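Inspection log for the structure reproduced underneath, given as structure tokens.
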Amino acid sequence: MNKKRLLWVDDEIELLRSHVIFLTDKGYEVDTVTNGQDAVEEVKRKNYDLIFLDEMMAGMGGLETLSKIKDINPNIPVVMVTKNEEESLMNDAIGGKITDYLIKPVLPSQILMTCKKILDQKKISGEYVAKDYLQDFASISRMLLENLDFNDWVEIYLKLVNWEMELDAHPEVGLRQTLIDQKKECNQEFSRYIEANYQNWLKKGSTADAPDLTPDILDKYLFDEIRESNGPVFLFVIDCLRYDQWLIMENHLKDYFNFSKNFYCSILPTATPYARNSLFSGLYPSEIEKVFPGFWKGNDDDENSMNKYEKELLQELLNRKRIKLKTDLKFIKIIDPDVGRSFEQNIHSHKKTHFMSVVVNFLDMVAHGRSDSEILQEISPDEPAYRSLTNSWFMHSSLFNTFKVISGMPGAKVFITTDHGSIRAMRAAKVIGDREASTGLRFKFGRNLKVDEKHALFIKNPEEYKLPYRGLSVSYIISKEDFYFIYPTEYHKFQNYYKDTFQHGGISMEEMILPVIKMVPKK
């Protein structure tokens, strides 16, 4: 292993010779110079991993030397060694001009600790990450052997997501495939859990361990807040939002809001025409079809045609719950960047609005668009890159700016949720059906559907699952785990085309375990 090379710049370097010897004994290669000009020349000639730089030197001072070093190599870490305890130096450190600073006199142990913190932190923390994950791996494996309820599954899913984020930061530990395999095993067991329990949850007087389902969410988490609020209440439904993507967004929002989080279970199928209509109406799809037949029409394979009446369904739900708004219900769908920018520019005008609901479609469009775009596939070839794409979008989005504006509104409350998540579809399941069968990759309905039951939940009687009646002999199939449906015709062509795409509609933790976040602006 190559030794780390250090440069120590100090006009009294002879007084620090014992420190240099100490670092050498610890395995570092240390060069020394007594002035800024020589330091600059050394940086031009050699590659250094870390520089210790005295602030007060004769001739070229420490700050001027720092500037010239950064011109040569802006990424090299520099630790300022100084007698100066002024706040401005701390601000320089925080601002990134210097990596750290030490106040003279310095001890050898301080110098060593600084070297380890800057040069070896990733390696050391990676070793602890590996150790901690392997402990959690065993813990999760033991949990899978128990009789789990939905809260247990939330705990498992959150552990897995947190480890995904941790391993994104530490790819060097080499545990990514281990985590992928464990998540696959968990989704297999989760699919069995849903298949065994979901139908019972839908019955009146269902079991005590039934989770909150999509139609329950607004009534449980939002409506009391609307009744009691003295400021504007905003509901943001971010289509296709997964919990890992939320954590990325939360990291940017934490300076502006305090958070409280809950989790619910999406209805089946986990697709926008079903789940989002159910969310806004407080009803199951079969109930929407019966109570509001005019609002349940369109083509299931075209999400836009099936979701034209979300505002009307939400207004009907408010009426049923006898919620009287002080101002008219506001409802907007952000379906492209222009709408988002316009909404951002006008958000100030809603500080007196009692309740506003906003649907954000960007993540859903990315999930769908990645299937057809070679550029998006190149940018996000795997899960870590997909999360990175979410991060890049949100950092520069009008949505982030909108949230920042809302954080300054007196009494404002923001609720964020989603209708479903998405899963990276990796395995094809061959399905047979007639020509009238729907075309979805994660769920289908039609006559004479046939598929291996290991790969899909087969629903012969849609009413038992509170799904719309499609006619005699019409059944539904809903894919499990990471399977996606392909017809036998040109099977291999479409198997390759849709493999490794992000899809929704089926049964998986990523699609079904969904966050409900309450955000209150920090004072």
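Within segment 96-175, considering only helices (runs of 4 or more DSSP H) that don't extend past its boundaries, which have at least 1 residues that are of a type in the set (S, T, N, Q) and within 30 Å of I267 (Cα to Cα)? Explain how you work it out, then say what you get.
Values: elements: 108-115, 121-143, 150-169.
Once the helices (runs of 4 or more DSSP H) in segment 96-175 are filtered for at least 1 residues that are of a type in the set (S, T, N, Q) and within 30 Å of I267 (Cα to Cα), what remains is 121-143, 150-169.
Pairs only if they're at least six apart or on different chains, beta carbon under 8 angstrom, first in segment 251-262 and more than 15 Å from V516 (Cβ to Cβ), second at pLDDT 95 or above and of a type in the set (K, R); list them, first residue then second.
Y256/K404
For segment 253-282, enumerate the residues that are in contact with a Leu (Cβ under 7 Å, 6 or more places away or on another chain), in a helix (DSSP H, G or I) and of a type in the set (F, W, Y).
F280
Looking only at residues that are more than 12 Å from F137 (Cβ to Cβ) and of a type in the set (D, E, K, R) in segment 164-182, which one is modelled with the highest pLDDT?
Per the criteria, the residue is E164.
Just for segment 1-28: of the residues that are within 12 Å of C115 (Cα to Cα), touching a strand residue (DSSP E or B) at 6+ places or on another chain (Cβ under 9 Å) and of a type in the set (D, E, K, R), which one is surrounded by the most Cβ atoms within 10 Å (Cβ to Cβ)?
Within segment 1-28, the match that is surrounded by the most Cβ atoms within 10 Å (Cβ to Cβ) is K4.
For a quick check of your reading: which strands (runs of 3 or more DSSP E) sit entirely within segment 391-470 and have at least 3 residues that are within 17 Å of I486 (Cβ to Cβ)? Working first, answer last.
Details: elements: 413-417, 423-425, 427-432, 443-447, 456-459.
Here the list reads 423-425, 427-432, 443-447.
If you check every pair at least six apart or on different chains, which have Cβ atoms under 7 Å apart with a residue in segment 466-485 that is modelled with pLDDT under 95 first and a residue that is surrounded by fewer than 24 Cβ atoms within 10 Å (Cβ to Cβ) and of a type in the set (D, E) second?
P468/E289; Y469/E463
Every residue, every condition in (1) part of a helix (DSSP H, G or I); (2) surrounded by 19 or more Cβ atoms within 10 Å (Cβ to Cβ); (3) at pLDDT below 85, yes or no:
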| site | (1), (2), (3) |
| --- | --- |
| M57 | no, yes, no |
| E64 | yes, no, no |
| D71 | yes, no, no |
| A93 | yes, no, yes |
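Starting from segment 6-19, keep only residues that are part of a helix (DSSP H, G or I), then list their pairs with residues that are among the aliphatic types (A, V, I, L, M) whose Cβ atoms are within a distance under 8 Å, requiring at least 6 positions of separation or different chains.
Close Cβ pairs satisfying both conditions: I13/V20; I13/V33; H19/V106; H19/I111.
Between a first residue in segment 220-231 that is under 13 Å from M356 (Cα atoms) and polar (S, T, N, Q) and a second residue that is at pLDDT below 95 and surrounded by 13 or more Cβ atoms within 10 Å (Cβ to Cβ), which pairs have beta carbons less than 7 Å apart while being 6 or more apart in sequence or on different chains?
Hits for this filter: zero, empty list.
Which of the numbered conditions does D328 fail, given that it passes all the others? Conditions: (1) assigned to a loop (DSSP other than H, G, I, E, B); (2) crowded, with 18+ Cβ neighbours inside 10 Å; (3) among the acidic types (D, E).
Failed condition: (2).
Counting only residues that are basic (K, R) and out of contact with any strand residue (DSSP E or B) (no Cβ under 9 Å at 6 or more places or on another chain), which one in segment 29-49 is farthest from T82 (Cα to Cα)?
Among them, the one singled out is R45.
When the residues of segment 486-508 are narrowed to those that are hydrophobic (A, V, I, L, M, F, W, C) and farther than 18 Å from D382 by Cβ, which ends up modelled with the highest pLDDT?
Checking each candidate, the answer is I507.
Quick test of your reading of the structure: P515 fulfils all but one of (1) over 25 Å from the mean Cα position of the chain (by Cα); (2) assigned by TED's automatic domain parsing to the domain that holds Y221. Name the failing condition by number.
(1)
The values are calculated or read from the model by the stated rules, or taken from the named source; none is laboratory data. Everything numeric here is computed off the predicted structure, so don't read it as measured data. Counting neighbours? That spans all protein chains shown, and the Cβs are built from the backbone with ideal geometry, glycine included.
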